[in-house]
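Student: The structure that follows is given in the form of structure tokens.
The values are calculated or read from the model by the stated rules, or taken from the named source; none is laboratory data. Quantities reported herein were computed from a predicted structural model and do not represent experimental measurements. Note that we place each Cβ from the backbone using ideal geometry, even for glycine, and neighbour counts take in every protein chain shown.
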């Protein structure tokens, strides 16, 4: 066999392997949605769930499935996809797993904007996500600007981002503390993220964001892969580095901000999805689509665990936060060992 | 094959307010190997960066077949003009085969599928650089010399008629330096690829290049066949270094022996 034949066979094998893994992840997502719809405080048989989904009226189930579980599942799915996709895009583009939007302040920026708009300005509806996107982009520019010193170094950007993030967290806490009807539920949502009390109409802007920004990001997946070889190499391969970077930033910030405006900054989902996806997929090929699916798995499973499998009911962000924190510590320890170049 | 021409016309470029190249004019001879030599900070890397669109010129143009490369679609340019930058990044754990495959990027549109021609280009690049046996290995496990051959394989898979390299032999031991330069010569002879590279080692540049471009202070100090360019006067002017030029017994090309302040035999000079 010639080298070309070997290459071809190897590529076909890897392609099949990749498609199988993606199929498996998609199947897990579907299973989790099915479990969320069927199994809560009570069990609803699949036939009843299907009837509710197709618009039929089933006494009892119409409320639990249609009003409680369905919005929760839809929101969890879309938020998970958004955080997974947006987070992985940032990590790949900046070539650093710590450069995730929830570490460098973009999620807390969007969250602070959303809580300010809702609590202080009394806004509601699609204007809140739009405001969150503006704030997310603003924070992205601020972090980039503050860490610019004749070029942006990854380690400096991450440190600046962590600082900005801490500042924004305190803004959120301040606004919530002064809120006239501030409840623990609200605080949890804007600090760690939650899909409690989800309404189907809230999911609509997120659906639009996933379709628009998600398509935009996936269409750049190959250019992003080339960027992993360094800006110079990517440019030599015909990638417009500056333009690609702007498109990726806008799309990823858009996804993260809208998801945050709806579900809060669900802790560490953006941060964890990419690394988990690349661990599962191996290093070859784009990690974006698998990361989106992993994001959905994390949010759906985390929410289910938080609701039904723990002694008390916790919002999803508490569960994903407990997962993400050890990994963050591991990365920081490792980055320290090799001098900041993670 | 019609050889592509690459030329620089009245090129002025630099970083921020600092002008490094000032009104430079150059023609790169097609189908030949050209080496740019010069002292540190003489503008040789800036020239290469401007010629591969990594840097926008402040004035003047870089012309590929008479057309400004800064006005060409990026992908189209990347199918004709390849570049191996000084410090490319290999993503953690990436395999040799995958890295070399990335060289096919400019040949693919948004929805183009990988074809047999792509497999063949990658295989040819692996074979030419003797890296086919490493195909399944992770790039970060390889030795420096192997790694550089893999990067060159990636640039070969791009199948460009012109290949520019920024110090391709830096950090390699002498055997690997020779290996890389032999490889580029094979490529030039077999495919007629135009090679333009920045080299630090004057003697290797003189031996392997058909033409030398000696730069000093952002200008071309001398340009031509090594036999004409590499002289004691040029070394003095460009590097401020005293030297002897002797004949390289292998190639018959000139060879430079530096003269420092110490370690001189009695009666030397």
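Student: Can you tell me which condition residue B:168 does not meet? The list is (1) without any contact (Cβ under 8 Å) to a residue 60 or more places away in the chain; (2) more than 12 Å from every other protein chain (Cβ to nearest Cβ); (3) part of a loop (DSSP other than H, G, I, E, B), and all the others hold.
Tutor: Residue B:168 satisfies every listed condition except (1).
Student: Among A:276, A:280, which is touching a residue at least 60 places away in the same chain (Cβ under 8 Å) and surrounded by fewer than 24 Cβ atoms within 10 Å (Cβ to Cβ)? Let's see the steps before the verdict.
Tutor: Working: A:276 fails: touching a residue at least 60 places away in the same chain (Cβ under 8 Å).
When all the criteria are applied, what remains is A:280.
Student: Whether any residue in segment B:136-145 is in a helix (DSSP H, G or I), within 11 Å of chain A (Cβ to nearest Cβ) and under 19 Å from residue A:233 (Cβ atoms) is what I want to check. Walk me through it before giving the result.
Tutor: So the first thing to find is which residues in segment B:136-145 are in a helix (DSSP H, G or I), and the list is B:139-141, B:144-145.
Filter once more, keeping what is within 11 Å of chain A (Cβ to nearest Cβ): B:139-140.
In the following step, the residues that additionally are under 19 Å from residue A:233 (Cβ atoms) were identified as B:139-140.
Yes, that holds for at least one residue.
Student: If you take the residues in segment B:109-142 that are touching a helix residue (DSSP H, G or I) at 6+ places or on another chain (Cβ under 7 Å) and closer than 19 Å to residue B:77 by Cα, which one is modelled with the lowest pLDDT?
Tutor: Of everything passing the filter in segment B:109-142, B:110 is modelled with the lowest pLDDT.
Student: Answer with yes or no whether residue B:190 is within 10 Å of chain A (Cβ to nearest Cβ), under 21 Å from the mean Cα position of the chain (by Cα) and part of a helix (DSSP H, G or I). Write out each step before concluding.
Tutor: Details: within 10 Å of chain A (Cβ to nearest Cβ): no; under 21 Å from the mean Cα position of the chain (by Cα): yes; part of a helix (DSSP H, G or I): yes.
No, not satisfied.
Student: Could we say that residue B:53 is within 11 Å of chain A (Cβ to nearest Cβ), outside any strand (DSSP E or B) and within 29 Å of residue B:239 (Cα to Cα) here? Outline the logic, then answer.
Tutor: On the way: within 11 Å of chain A (Cβ to nearest Cβ): yes; outside any strand (DSSP E or B): yes; within 29 Å of residue B:239 (Cα to Cα): yes.
Yes, satisfied.
Student: Any idea which of A:103, A:28, A:81, A:22 is part of a loop (DSSP other than H, G, I, E, B) and touching a residue at least 24 places away in the same chain (Cβ under 8 Å)? Break it down stepwise before answering.
Tutor: Numbers: A:28 fails: part of a loop (DSSP other than H, G, I, E, B); A:81 fails: part of a loop (DSSP other than H, G, I, E, B); A:22 fails: part of a loop (DSSP other than H, G, I, E, B).
Matching residue, one of A:103, A:28, A:81, A:22: A:103.
Student: Take residue B:80 and decide whether it is more than 9 Å from chain A (Cβ to nearest Cβ) and touching a strand residue (DSSP E or B) at 6+ places or on another chain (Cβ under 7 Å). Spell out the reasoning first.
Tutor: On the way: more than 9 Å from chain A (Cβ to nearest Cβ): yes; touching a strand residue (DSSP E or B) at 6+ places or on another chain (Cβ under 7 Å): yes.
Spelling it out, residue B:80 is indeed more than 9 Å from chain A (Cβ to nearest Cβ) and touching a strand residue (DSSP E or B) at 6+ places or on another chain (Cβ under 7 Å).
Student: Tell me, which residue of segment B:117-130 that is part of a helix (DSSP H, G or I) and more than 7 Å from chain A (Cβ to nearest Cβ) is nearest to residue B:183 (Cα to Cα)? First the steps, then the outcome.
Tutor: Looking only at segment B:117-130, we keep the residues that are part of a helix (DSSP H, G or I), and these are B:117-128.
Okay, now just the ones that are also more than 7 Å from chain A (Cβ to nearest Cβ), so B:117-118, B:121, B:124-125, B:128.
Values: B:117: 23, B:118: 21, B:121: 17, B:124: 13, B:125: 11, B:128: 8 Å.
Filtering segment B:117-130 for residues that are part of a helix (DSSP H, G or I) and more than 7 Å from chain A (Cβ to nearest Cβ), the one nearest to residue B:183 (Cα to Cα) comes out as B:128.
Student: Tally up the residues in segment B:102-116 that are at the interface with chain A (Cβ under 8 Å from one of its Cβ atoms) and part of a helix (DSSP H, G or I), please.
Tutor: The initial filter retains those residues of segment B:102-116 that are at the interface with chain A (Cβ under 8 Å from one of its Cβ atoms), namely B:102-103, B:105-106, B:108, B:110, B:114, B:116.
Next, from what is left, pick out any that are part of a helix (DSSP H, G or I): B:102-103, B:105-106, B:116.
Looking only at that region, the number is 5.
Student: Can you tell me which residue in segment B:84-95 is modelled with the highest pLDDT, limited to those that are touching a strand residue (DSSP E or B) at 6+ places or on another chain (Cβ under 8 Å) and more than 7 Å from chain A (Cβ to nearest Cβ)? Let's see the steps before the verdict.
Tutor: Of the residues in segment B:84-95, the ones touching a strand residue (DSSP E or B) at 6+ places or on another chain (Cβ under 8 Å) are B:84-86, B:93-95.
Going one step further and asking which of them are more than 7 Å from chain A (Cβ to nearest Cβ), we end up with B:84, B:86.
On the way: B:84: 95, B:86: 88.
Out of the qualifying residues, it is B:84.
Student: Looking at segment A:11-36 only, could you name the residues that are exposed (fewer than 14 other Cβ atoms within 10 Å of the Cβ) and either touching a strand residue (DSSP E or B) at 6+ places or on another chain (Cβ under 6 Å) or within 11 Å of chain B (Cβ to nearest Cβ) (or both)? Give the steps one after another, and end with the answer.
Tutor: So in segment A:11-36, the residues exposed (fewer than 14 other Cβ atoms within 10 Å of the Cβ) come out as A:12-13, A:15-16, A:19-20, A:23-24, A:27, A:30-31, A:34.
Across segment A:11-36, the qualifying residues are A:12, A:15.
Student: Which pairs turn up if I take residues in segment B:132-153 that are on the phi > 0 side of the Ramachandran plot and look for partners that are surrounded by 22 or more Cβ atoms within 10 Å (Cβ to Cβ) and not in a helix (DSSP H, G or I) with beta carbon separation below 9 Å, at least 6 apart in sequence or on another chain?
Tutor: none
Student: Something else: Kindly check whether there is at least one residue in segment A:250-272 that is over 14 Å from the mean Cα position of the chain (by Cα) and within 9 Å of chain B (Cβ to nearest Cβ). Walk me through how you get there before you give the answer.
Tutor: Here is the first cut: in segment A:250-272, the residues over 14 Å from the mean Cα position of the chain (by Cα) are A:250.
Filter again for within 9 Å of chain B (Cβ to nearest Cβ), leaving none.
So far as segment A:250-272 goes, no, none of its residues is over 14 Å from the mean Cα position of the chain (by Cα) and within 9 Å of chain B (Cβ to nearest Cβ).
Student: If a residue must be modelled with pLDDT of 95 or more and surrounded by fewer than 16 Cβ atoms within 10 Å (Cβ to Cβ), how many such residues does segment B:211-226 contain?
Tutor: Within segment B:211-226, residues that are modelled with pLDDT of 95 or more and surrounded by fewer than 16 Cβ atoms within 10 Å (Cβ to Cβ) number 2.
Student: In segment B:231-254, which residues are farther than 19 Å from residue B:221 by Cβ and not in a loop (DSSP other than H, G, I, E, B)?
Tutor: Within segment B:231-254, B:244, B:246, B:247 meet the criteria.
Student: For the structure I just gave you, tell me whether residue A:8 is within 24 Å of residue B:122 (Cβ to Cβ) and surrounded by 18 or more Cβ atoms within 10 Å (Cβ to Cβ).
Tutor: Details: within 24 Å of residue B:122 (Cβ to Cβ): yes; surrounded by 18 or more Cβ atoms within 10 Å (Cβ to Cβ): yes.
Yes: the conditions hold for residue A:8.
Student: Tally the residues that are in a helix (DSSP H, G or I) and away from chain A (no Cβ under 14 Å), restricting the search to segment B:29-50. Break it down into steps so the answer makes sense when it comes.
Tutor: Within segment B:29-50, the subset in a helix (DSSP H, G or I) is B:44-50.
Retained after the next criterion (residues that are away from chain A (no Cβ under 14 Å)): B:44, B:47.
Number satisfying all stated conditions: 2.
Student: Take residue B:148 and decide whether it is at pLDDT 90 or above, crowded, with 23+ Cβ neighbours inside 10 Å and within 10 Å of chain A (Cβ to nearest Cβ). Walk me through how you get there before you give the answer.
Tutor: Values: at pLDDT 90 or above: yes; crowded, with 23+ Cβ neighbours inside 10 Å: yes; within 10 Å of chain A (Cβ to nearest Cβ): no.
The answer is no for residue B:148.
Student: I'm told residue A:174 meets every condition in (1) in contact (Cβ under 8 Å) with a residue 12 or more places away in the chain; (2) surrounded by fewer than 23 Cβ atoms within 10 Å (Cβ to Cβ); (3) assigned to a helix (DSSP H, G or I) except one. Can you identify the failing condition by its number?
Tutor: Every listed condition holds for residue A:174 apart from (1).
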